[in-house]
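Derivation of every value follows stated rules applied to the coordinates shown; laboratory data play no part. This structure is a prediction, so every number in the text was calculated from the model and none was measured. Heads up, the Cβs are rebuilt from the backbone with ideal geometry, glycines too, and the neighbour counts pull from every protein chain shown.
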Amino acid sequence: MEGSVKERLKYFLSENKIKGSDFCAKIGVSSGFISGMRESIQPDKLKSIAIHYPLLDIGWLMTGMGQMQKNAYPEPEAIHTLAEEGLRYHPRKSRGCIPLVDDIKATCGIPDGFSVAIKKDDCTPIVIPGLTGEFAIRAKGRSMINRKNPEKSINENNIIVCNRWNSRSHIRWGEVYALATNDGVVVKQLMPSEQEGYVRCVSFNEEEGYKAYDLPVLEISDWAIVVGVVNISLFT
């Protein structure tokens, strides 16, 4: 869609029947925010928009490219727990299998990236009902626990399903990516950085002190976008 960022934002609000005053209040800005917009949106405001309006494609908002609304995560009914559906293990050749890469840290250094990890012989092929992807990894740590939007939370030991992201010129800001670096895989929400040549890595779990930071693009050997999360609930 052509036009300015302001015009695209107004179009999104109109299509979704959202009042401008309600939008401003929800993202924590003054009522004159929209009328005072110029060519871009400050990173902190963009982050708030991405958090409170997850279906709005931030890349579309900023550039006009792609679709206005997205569904990067499956609907809640498609996020399966082991207690409900389970992860079924299948031979590698089975249709719809997703390689589960448990030891991805050791295989994601420059210049190998995710492609080498996916081809490893010891990957465990899994089938997740209602969800497909190129590969899956296990979540580690608590930085992506999302108390504001629990259905988008990534908890310790969850299965994260990803698709490789080949474009470096078009990043879907506000989405969650898995980034292969020399220090292992980083799973973060990506936002624009004020520093040229960097991306802003945002953790959902700010309540526990996980702060956003800037990561040099040159230190990222491979990119993948998170398309779904399977919550593993252990009862014993």
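Given a cut-off of 28 Å, name the pairs among Lys45/Lys188; Lys26/Lys140; Lys10/Lys140; Lys17/Lys140 whose C-alpha atoms lie farther apart than that in the structure shown. Table pairs above 28 Å Cα-Cα are Lys26/Lys140; Lys10/Lys140; Lys17/Lys140. Note on Phe12, Phe114, Phe33: ascending count of other Cβ atoms within 10 Å places them as Phe33, Phe12, Phe114, the fewest first.
If each residue of separation counts as 0.36 nm, what is the full-extension length gain between Glu194 and Gln69 once their alpha-carbon separation is subtracted? Walk me through the intermediate numbers first.
Details: separation 125, 0.36 × 125 = 45.00 nm, distance 2.53 nm.
Once the chain is fully extended between Glu194 and Gln69, it gains 42.5 nm.
About its Cα centre, segment 141-236 has a charge dipole of approximately 280 debye under the convention of +1 per Lys or Arg Cβ and -1 per Asp or Glu Cβ, with nothing else charged. Using the Cβ-Cβ distance between Ala212 and Glu7 with R0 = 30 Å, the FRET efficiency computed as 1/(1 + (r/R0)^6) comes to roughly 0.55. What the Kirkwood sum gives for segment 5-63 is a hydrodynamic radius of 11.4 Å, with every pair of different alpha carbons counted.
Residues Arg168, Arg200 in ascending order of nearby Cβ atoms (within 10 Å, fewest first): Arg168, Arg200.
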